[in-house]
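J.: Okay, handing you the structure first.
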Amino acid sequence: MLGTLSIGYGAIVFFFGDPITRVYHDWRQRQMAHELDKSFARFRPLIPKQSSDHGPKRLSPAEVRPLARRFSNEIGSGDPIGRIVVASIGINEIVINGTRWAEDLSRGPGRYPQSSFPGLGEVTAIAGHRTTFGAPFRHIDELTNGDQIRLEMPYATFVYRVFAHEVVRNDDWSILHKRPFETLVLSACHPLYSASHRWIVFARLRTVTAPARERA
């Protein structure tokens, strides 16, 4: 009986991710959503005012960089920094500032401390689990060129388009090399249940707009 249960649980984890660690992940995501809302409220008075009713205001690099610098100076390790939304593969997650296994990635995708913040013209890199703690990046290998990735930060909303994939060794930091354009990098262990390599998705920044005044 115990053997049958073990096999059944193993099959669930293999095909759908670990349901036990998902409960913890989902609980912490709800907690961090409230914390993130406070950051949005704090930055709202600093955002350039909307000039018309024709959709969100586009922000220029000159407008967004001071906001990004201020936010990066205020944020601490382990704090929630934004929300990543990838509709094509069902990602809608609070992003943590850091990639420590227990403290950060157990709660959601995390920003590599070695990388930049969106809006500073460099590379922002985000890692996420593929099999445990909600497995938010389980299907990033299914993204195709042109797919949209949205990062909702308290100071701006950034929309990126996927342009490349790569599999690298887990100690290959060339993925953070600066490109001629602002880049988002998504990273997850590869293959499943192994940490020997990482599946990397590259996306190019396309638009930067003021964050929505009202949040769900």
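Each reported figure results from applying straightforward, stated rules to the coordinates on display, with no laboratory input. Quick caveat: nothing in here was measured; it's all calculated off a predicted structure. Neighbour counts run over all protein chains shown; Cβ positions are idealised from the backbone, glycine included.
J.: For the chain, give me the percentage of DSSP beta bridges that are antiparallel, rounded to the nearest 5 percent.
T.: 85
J.: When the chain is treated as a GNM, springs tying every alpha-carbon pair under 10 Å, which of Phe133, Phe202, Phe163 comes out with the largest mean-square fluctuation?
T.: Top of the fluctuation ranking is Phe163.
J.: GNM on the chain, C-alpha springs below 10 Å: top fluctuator among Asn145, Asn97, Asn73?
T.: Asn73
J.: What ³J(HN,Hα) values, in whole Hz, does the Karplus curve 6.51 cos²θ - 1.76 cosθ + 1.60 give for region 175-183 when θ = phi - 60°, with x put for Gly and Pro?
T.: Once θ is set to phi - 60°, the couplings for region 175-183 become 5, 8, 4, 5, 10, x, 9, 5, 10 Hz.
J.: Give me the net charge for the shell around Leu205: Cβ to Cβ below 12 angstrom, other residues only, Lys and Arg +1, Asp and Glu -1. Could the numbers behind the result be given before it?
T.: Details: positive: Arg150, Arg161, Arg179, Arg204, Arg206; negative: Glu122, Glu182.
With Lys, Arg at +1 and Asp, Glu at -1, the net is +3.
J.: How big, on average over all directions, is the shadow cast by the Cα convex hull of region 75-209, in nm²?
T.: Computing the convex hull of the Cα atoms and averaging its projections yields 7.2 nm².
J.: A further question follows. Residues with amide H under 5 Å of Val95's amide H, sequence separation 5 or more or different chain, H placed in the peptide plane at 1.01 Å from N; which?
T.: Ile81, Gly82, Arg83, Ile84
J.: Could you list which residues have their amide H under 5 Å from that of Arg100, counting only those 5 or more apart in sequence or on another chain, with H placed in the peptide plane?
T.: Leu105
J.: Between the helical axis of 19-43 and the dominant principal axis of the chain, each derived from Cα atoms, what acute angle in degrees is found, rounded to the nearest 10?
T.: On a 0 to 90 degree scale, this one is about 10.
J.: May I ask for log10 I(q)/I(0) of region 69-138 at q = 0.14, 0.27 Å⁻¹, from a Debye sum over the Cα atoms as equal point scatterers with solvent left out?
T.: Debye curve over Cα of region 69-138, log10 I(q)/I(0) at q = 0.14, 0.27 Å⁻¹: -0.40, -1.27.
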